[in-house]
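Below: the structure, in structure tokens.
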Amino acid sequence: MLQVSIYRYNPETDSAPYMQEFQVDTQGRDVMVLNVLELIKQQDSSMAYRRSCREGVCGSDGMNINGTNGLACITPLSAVVKNDKLTLRPLPGLPVVRDLVVDMGIFYKQYERIQPYLQNDTTPPAIERLQSPEERDKLDGLYECILCACCSTSCPSFWWNPDKFVGPAGLLQAYRFLADSRDTAARERLAELEDPFSVFRCRGIMNCVAVCPKGLNPTRAIGKIRELLMENAT
Amino acid sequence: MVTNVTNFSRSGLSDWLIQQVSAVILALYTLFMVGYFLLHPELDYIAWHGLFSHTWMRIFSLLAFIALSAHAWVGLWTVITDYIKPTRIRFGAQVVLIVAIFVFLVWAIQILWGA
């Protein structure tokens, strides 16, 4: 029997959050954490969590699993459970809407701030803007982000200043557009980032790299943004 | 763009660069001092005074003190903005920090050139 301890909070009925214990029979199989949540949902249908694709593509079910952020759908029990104990909490640092569901508003706001779309003021060619294979290669490791917020909500700099520090997810995307050969707004993008908070609140502790379910490296992207800022300013 | 007026240089890039460079200067000064103490196990006042009577040593020391001041300003400003949220208390802490750094720096100059 798997002992599951889950963070519960319903603002309409509960005065404070609490941890609720569940017993789940996985029949000895190494299932995903999301499967466990579904079994719990059968025991208590009031349990709230987000999910959609159940294969690590949509980024809906980011949560804190035994102390580490990850996607419930692609985290097998064998990777996180010791002594048959599983503790699930919502992503840290964001306001809880209910149970494991958090309000991602400020996370999206920071994403919006870095203008995550291609900007090009030159006349568009008749068909499309071409890239060489080498130019396209520069976007590998950047474009794959699914915005699950596992990285930003594991970052203490984002916990303390979510309104000012863009956070690893936003900065990875900021660099994705800075590195794109088709984008011509690099100077304007960099000017928005050179204050002491937006990029420089990163202290390089690499929590983001440790938790990213897609294996991406926001710390390296932040380093590249610093290099671009240096090139522009020295 | 987030506006700031109490950080060291008004710019995050410049603050960051100053912190990197000042860290190197402080590391060199620390290595020099540790090396000096190891080479002079029986250090007395005459030798110590002799070391600091050299102009290069005074310049090196002042450089290290200025680097320490800038480094402390950037680093502690960051800590203060992380952990102190009420604006009045945060601004008060920043003023205390900056005044303290100024006082210690002037004091250091007086010690270096006063003797």
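The values are calculated or read from the model by the stated rules, or taken from the named source; none is laboratory data. Keep in mind it's a predicted model, so treat the numbers as computed, not measured. Reconstructed Cβ throughout: ideal geometry from the backbone, glycine too, with neighbour counts over all protein chains shown. To get the accessible areas, we keep the full protein, side chains included, count just its heavy atoms, and leave off ligands, DNA and RNA. Shrake-Rupley method; radii C 1.70, N 1.55, O 1.52, S 1.80 Å.
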Check: Short version: which residues of the range A:128-164 lose at least 10 Å² of accessible area, all chains versus chain alone, 1.4 Å probe?
Finding: A:Trp160, A:Asn161, A:Lys164
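May I ask you to rank B:His71, B:His54 by accessible area, largest first, using a 1.4 Å probe over the protein chains only?
Details: B:His71 55, B:His54 85 Å².
The ranking, largest first, comes out as B:His54, B:His71.
Pairs A:Lys82/A:Lys214; A:Lys41/A:Lys164; A:Lys82/A:Lys164; A:Lys85/A:Lys164: which are spaced more than 27 Å apart, C-alpha to C-alpha?
Numbers: A:Lys82/A:Lys214 24 Å; A:Lys41/A:Lys164 37 Å; A:Lys82/A:Lys164 37 Å; A:Lys85/A:Lys164 37 Å.
Exceeds cut-off: A:Lys41/A:Lys164; A:Lys82/A:Lys164; A:Lys85/A:Lys164.
What are the GluC sites (Glu not before Pro) within the range A:101-183 that DSSP puts in a loop, where the Cβ has at most 15 other Cβ atoms within 10 Å? Display every interim value, and only then the final one.
On the way: sites: A:Glu112, A:Glu128, A:Glu134, A:Glu135, A:Glu144; in loops: A:Glu128, A:Glu144.
Taking the range A:101-183 and a limit of 15 other Cβ atoms within 10 Å, the loop GluC sites (Glu not before Pro) found are A:Glu128, A:Glu144.
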Next item on the list: Counting only heavy atoms of the protein chains, get the accessible area per residue of chain A (1.4 Å probe) and round it to a whole Å² value.
Entry: 50 Å²
Note to self: If each DSSP helix of 4+ residues adds -39,500 (n - 2.57) and the sum is divided by the residues in chain A, what number results at 222 nm, nearest 500 deg cm²/dmol?
What the structure shows: -8000 deg cm²/dmol
Notebook entry, point to check: Distance from the Cα centre of the range B:44-115 to that of the range A:42-89, in angstrom?
Noted result: 49 Å
Checklist line | Isolated Cys in chain A, by beta carbon distance under 4.7 Å | finding: A:Cys73, A:Cys145, A:Cys148, A:Cys150, A:Cys155, A:Cys202, A:Cys212
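May I ask for the accessible area buried between chains B and A, both sides summed, probe 1.4 Å, to the nearest 100 Å²? Don't jump to the answer; show the numbers that get you there.
Working: alone 8100 and 12550 Å², together 19000 Å².
Protein heavy atoms only, the B-A interface buries about 1700 Å².
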Check: With the solvent-accessible surface defined on protein heavy atoms using a 1.4 Å probe, which residues belonging to the range A:189-210 display a reduction of at least 10 Å² in accessible area in the multichain context relative to the isolated chain?
Finding: A:Ala191, A:Glu192, A:Glu194, A:Asp195, A:Pro196, A:Phe197, A:Phe200, A:Arg201, A:Arg203
Check: So who's got an amide H within less than 5 Å of the one on A:Ala48, skipping anything under 5 residues away but keeping other chains? H placed 1.01 Å off N, in plane.
Finding: A:Leu100
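If you count only protein heavy atoms with a 1.4 Å probe, what accessible area per residue comes out for chain B, rounded to a whole Å²?
On the way: 7240 Å² over 115 residues.
In whole numbers, chain B has 63 Å² accessible per residue.
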Next item on the list: Report, to the nearest whole %, how much of the accessible area of chain A belongs to carbon and sulfur atoms, 1.4 Å probe, protein only.
Entry: 49 percent
